[in-house]
1. Show the residue pairs that are 6+ apart or on different chains and have beta-carbon atoms under 7 Å apart, the first residue being within the range 54-77 and assigned by TED's automatic domain parsing to the domain that holds residue 20 and without any contact (Cβ under 8 Å) to a residue 24 or more places away in the chain, the second being part of a loop (DSSP other than H, G, I, E, B) and away from ligand 2 (no atom under 13 Å from the Cβ).
2. Would you pick out the residues in the range 147-172 that are assigned to a loop (DSSP other than H, G, I, E, B) and away from ligand 2 (no atom under 16 Å from the Cβ)?
3. So which pairs qualify, if the first residue must be in the range 24-48 and under 15 Å from residue 2 (Cα atoms), the second must be assigned to a helix (DSSP H, G or I) and within 16 Å of ligand 1 (Cβ to nearest atom), the Cβ gap must be under 6 Å, and the two must be at least 6 apart or on different chains?
4. Which one of these is touching a residue at least 60 places away in the same chain (Cβ under 8 Å) and more than 15 Å from ligand 1 (Cβ to nearest atom): 160, 111?
5. Does residue 14 satisfy the criteria of being touching a helix residue (DSSP H, G or I) at 6+ places or on another chain (Cβ under 8 Å), surrounded by fewer than 18 Cβ atoms within 10 Å (Cβ to Cβ) and part of a loop (DSSP other than H, G, I, E, B)?
6. Mind listing whichever residues of the range 219-228 are surrounded by fewer than 18 Cβ atoms within 10 Å (Cβ to Cβ) and in contact (Cβ under 8 Å) with a residue 24 or more places away in the chain?
7. Would you pick out the residues in the range 283-313 that are touching a residue at least 40 places away in the same chain (Cβ under 8 Å) and closer than 24 Å to residue 38 by Cβ?
8. With respect to the numbered conditions (1) surrounded by fewer than 19 Cβ atoms within 10 Å (Cβ to Cβ); (2) within 22 Å of residue 181 (Cα to Cα); (3) touching a helix residue (DSSP H, G or I) at 6+ places or on another chain (Cβ under 7 Å); (4) touching a residue at least 60 places away in the same chain (Cβ under 8 Å), which one is the sole condition not fulfilled by residue 316?
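The values are calculated or read from the model by the stated rules, or taken from the named source; none is laboratory data. The model shown is predicted, which means the values in this text are computed figures rather than measured ones. Cβ atoms come from the backbone with ideal geometry, glycine included; neighbour counts cover every protein chain shown.
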Ligand SMILES: [Zn+2]
Ligand SMILES: [Zn+2]
């Protein structure tokens, strides 16, 4: 079996992994590199012509954003994804199979291909995949977090595979999930005690529910408002109870109706990179009122979000929705994985030569 890294190693984005079997290929994720002039996976037309199935771990652009491009390059196979991922995708796959998390979570697709899946704790619809393909066992954690405030994770334990592709987006730079939550809690309480408004920009699907859960247990209590995009998602959240932990459904949250507030208020907006001009103006209004803006995830190159952080007008404190190196190593110890490829991290990781961890980057080929 040959694995080819079409993107996602030594880069934060473009997640895409090709498995080349003796008769056909599989692709796991088809992500975009946001802010890049060459944003698509490193796949040739010849490689694409052999792909029979694409598996999508979740709806974020760095995992699905190049699917339309894949079709344009001649892909005509079938796409497997959670039905909640399908619902969230702006561009839908053409031929697809929806995976249902409430049913038996194993599908036999061909004689030599069987796939199991479970919730990866990262957002609504996020899955890990364990595959038996062409006499090999391969695991993809997808974006994986066992300690989310809001999302359920079917934790990976005692799985035995030849090759595991493991989320390590935070590398060795950011603390473990539990520490990141603690720091964020302290910050939120500090702002509240100073009587400051707090703007939290989040992606539409992902940290929004985690942030709601965190601020609802802080001093801000009832003074939480959200924008219309998030309000729509909150209203729909009972449909996703299979993905959300207990007490993660907040239907009493109000939609923001004005730009100024009397009491210290938390405003959660579904615009993680602050792309919308209206939101940018709102951010300036918050700054004028001596409020705080806090980004809790990756800010894209050249985005308004990264400009605010760089100029000191906003703070960045990562809320963990991925694993760091320490967590990835702990997960490896709890499973039996022969070889491991750490993915999603923008930098080379301090891994010993000759260990089960392979030093690979995008465009590398691995035989196993
Ligand atoms: Zn993601
Ligand atoms: Zn990702």
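1. What qualifies is 68/91; 71/94.
2. Our first condition is that a residue be assigned to a loop (DSSP other than H, G, I, E, B); within the range 147-172, this holds for 147-150, 152, 154-159, 168-172.
Those that are assigned to a loop (DSSP other than H, G, I, E, B) and away from ligand 2 (no atom under 16 Å from the Cβ): 147, 149, 150, 152, 154, 155, 156, 157, 158, 159, 172.
3. Pairs that qualify, where the first residue is under 15 Å from residue 2 (Cα atoms) and the partner is assigned to a helix (DSSP H, G or I) and within 16 Å of ligand 1 (Cβ to nearest atom): there are none.
4. Values: 111 fails: touching a residue at least 60 places away in the same chain (Cβ under 8 Å).
Of 160, 111, the one residue that is touching a residue at least 60 places away in the same chain (Cβ under 8 Å) and more than 15 Å from ligand 1 (Cβ to nearest atom) is 160.
5. no
6. Step one: of the range 219-228, the residues surrounded by fewer than 18 Cβ atoms within 10 Å (Cβ to Cβ) are 219, 221-222, 228.
Those that are surrounded by fewer than 18 Cβ atoms within 10 Å (Cβ to Cβ) and in contact (Cβ under 8 Å) with a residue 24 or more places away in the chain: 219, 228.
7. Selection gives 297, 298, 300, 301, 302, 303, 305.
8. Every condition holds for residue 316 apart from (4).
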